[in-house]
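Note sheet for the following structure.
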Amino acid sequence: MAKITFITPGKDSITLEATSGNAMELAVNNGIPGIGGDCGGVCSCATCHVYVPAEHASKLTAASDIEKDMLELDDNVNEFSRLCCQIEITPQVDGLVLEVVG
């Protein structure tokens, strides 16, 4: 079980729990504003762009080359950017905070 907190574009804080899947699925299934997930989680649309605070980055594996390539297409990319479809829900991500870029 992992708890993940999404900070919406409107600055609301929404904490959800899950045991499997990825953070994009969790967000879409719970109506988190700003997460589209248009490609269904295959890393081909960047509609699930989030920022991961530096203090939480160690909870995640490094972004793949495909994820980095997709992020380069987004105007709002920065060093904290990730696609949440690539963040698998495992016990290691418990307590993760994701700021939705929208």
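Look through ILE66, ILE89 and report the one residue that is in contact with a Gly (Cβ under 7 Å, 6 or more places away or on another chain) and among the β-branched types (Val, Ile, Thr). Let's see the steps before the verdict.
Working: ILE66 fails: in contact with a Gly (Cβ under 7 Å, 6 or more places away or on another chain).
Of the residues listed, the single one that is in contact with a Gly (Cβ under 7 Å, 6 or more places away or on another chain) and among the β-branched types (Val, Ile, Thr) is ILE89.
Can you pull out every residue in the stretch 52-61 that is farther than 16 Å from ASN22 by Cβ and in a loop (DSSP other than H, G, I, E, B)?
Of everything in the stretch 52-61, just one residue is farther than 16 Å from ASN22 by Cβ and in a loop (DSSP other than H, G, I, E, B), namely PRO53.
Specify the residue that is surrounded by the fewest Cβ atoms within 10 Å (Cβ to Cβ); the eligible residues are those in the stretch 13-30 that are touching a Phe, Trp or Tyr at 6+ places or on another chain (Cβ under 9 Å) and assigned to a helix (DSSP H, G or I).
Taking the stretch 13-30 first, the residues touching a Phe, Trp or Tyr at 6+ places or on another chain (Cβ under 9 Å) are 13-16, 23, 26-27, 30.
Adding the requirement that they be assigned to a helix (DSSP H, G or I) leaves 23, 26-27.
Working: ALA23: 31, LEU26: 22, ALA27: 26.
Selected residue: LEU26.
Picking from ASN30, ASN22, which residue would you name as being touching a Cys at 6+ places or on another chain (Cβ under 9 Å), of a type outside the set (Asp, Glu) and at pLDDT 95 or above? Before you say what the answer is, go through the steps one by one.
Details: ASN30 fails: touching a Cys at 6+ places or on another chain (Cβ under 9 Å).
The conditions single out ASN22.
Select, from ALA63, ALA46, the only residue that is modelled with pLDDT under 95, among the small types (Gly, Ala, Ser) and open to solvent by less than 30 Å² (accessible area, probe 1.4 Å).
It is ALA46.
Taking the stretch 66-95, which residues are touching a helix residue (DSSP H, G or I) at 6+ places or on another chain (Cβ under 7 Å), open to solvent by less than 100 Å² (accessible area, probe 1.4 Å) and part of a helix (DSSP H, G or I)?
Result: GLU67, CYS84, CYS85, GLN86, VAL93.
The values are calculated or read from the model by the stated rules, or taken from the named source; none is laboratory data. None of the values given here were measured: they were computed from a predicted structure. Neighbour counts run over all protein chains shown; Cβ positions are idealised from the backbone, glycine included. Accessible surface is based on the protein model in full, side chains and every heavy atom, while ligands, DNA and RNA are left aside. Shrake-Rupley method; radii C 1.70, N 1.55, O 1.52, S 1.80 Å.
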